[in-house]
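**Student:** One structure coming up, written as structure tokens, with questions to follow.
The values are calculated or read from the model by the stated rules, or taken from the named source; none is laboratory data. This one's a predicted model, so the numbers in the text were calculated from it and none came from an experiment. Note: ideal-geometry Cβ built from the backbone for every residue, glycine included; neighbour counts use all protein chains shown. Ligands, DNA and RNA are excluded from the accessible area calculation, which covers all protein heavy atoms including side chains. Shrake-Rupley method; radii C 1.70, N 1.55, O 1.52, S 1.80 Å.
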Amino acid sequence: GAPQQLVDELYEKVDIIKKKKDLFDLDDYNKSNQGGYQTSQFNWQEFHPQGKEYIEKIITDIFTNYLVSISGWWYNINPQGAWNTPHSHGVSNYALVWYLTDSHGLLQLINPHSNRIDSKDGSFNTKKGDVLIFPGDIIHYVMPNTKEKDRVCISMNLKLYNNPDLQLC
């Protein structure tokens, strides 16, 4: 349900981002992107105004009894052959991924209960504009992009805080 014009506006920045080397912290060993582009984290206040409104609505609709802080956001750009190593966002309660292109099912979540007979790892065939939210401590990775078109998403870390002003039923 994302406004496609907004998704297209965010996608249009990809070529600019790939050319601006100052957006990448090359000394940051925690980055999972291999062969592609992962920007340093940006401040949430610097995000696209309509994008902020859209994401904040999703977050408040889902996490109704919590205050949610977005501790940072960044672009992940995977050209053909690029991938992301297994990692988690353990310092965050949740990770949010907003797809600016189709994902082609490349994101893989590793099931922490995979030793059970009836459990298996998961992948999601998200489409351009989809938002996926999952627990930050789930180990996940992105398989190599086999398409000629870049796979692009914006990722965010979410921290939840109890809201003392809300009364639970």
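**Student:** Considering the options ASN33, ILE133, LEU96, tell which one lies farthest towards the positive end of the dipole of the chain, charges being +1 on Lys and Arg and -1 on Asp and Glu at the Cβ, about the Cα centre.
**Tutor:** ASN33
**Student:** Here's another thing I want to ask about it. Can you tell me the dipole magnitude for the chain around its Cα centre, using point charges on the Cβ only (Lys, Arg +1; Asp, Glu -1), in Debye to the nearest 20?
**Tutor:** Numbers: 16 positive and 20 negative charges, 69 e Å.
Charge dipole of the chain: 340 debye, to the nearest 20.
**Student:** Heavy-atom accessible area per residue, the chain, 1.4 Å probe: how many Å²?
**Tutor:** 59
**Student:** Round to the nearest 0.05 the FRET efficiency obtained for ASN163 and ASP15 when R0 = 45 Å and r is the Cβ-Cβ distance.
**Tutor:** The computed FRET efficiency comes out at 0.65.
**Student:** Ranked from highest to lowest mean number of other Cβ atoms within 10 Å per residue, what is the order of the peptides 46-58, 74-86?
**Tutor:** Result, highest mean first: 74-86, 46-58.
**Student:** With +1 on the Cβ of every Lys and Arg and -1 on the Cβ of every Asp and Glu, and nothing else charged, how large is the dipole of region 33-118 about its Cα centre, in debye rounded to the nearest 20?
**Tutor:** Once rounded to the nearest 20, the dipole reads 160 debye.
**Student:** First check a/c for the chain, with a ≥ b ≥ c the square roots of the eigenvalues of its C-alpha gyration tensor; if it is under 1.5, answer rounded, and if not, answer prolate when a/b is larger than b/c or oblate otherwise.
**Tutor:** oblate
**Student:** Restricting to Cα pairs below 8 Å that are 6+ residues apart, what does the relative contact order work out to for the chain? Please round to a whole percent.
**Tutor:** On the way: 325 pairs, mean separation 50.1, N = 169.
In percent, rounded to a whole number, it is 30.
**Student:** Check cross-link reach from LYS18 to the lysines: straight Cα distance under 26 Å, and skip same-chain residues fewer than eight apart.
**Tutor:** Straight-line reach from LYS18, under 26 Å: LYS31, LYS52, LYS127, LYS128, LYS147, LYS149.
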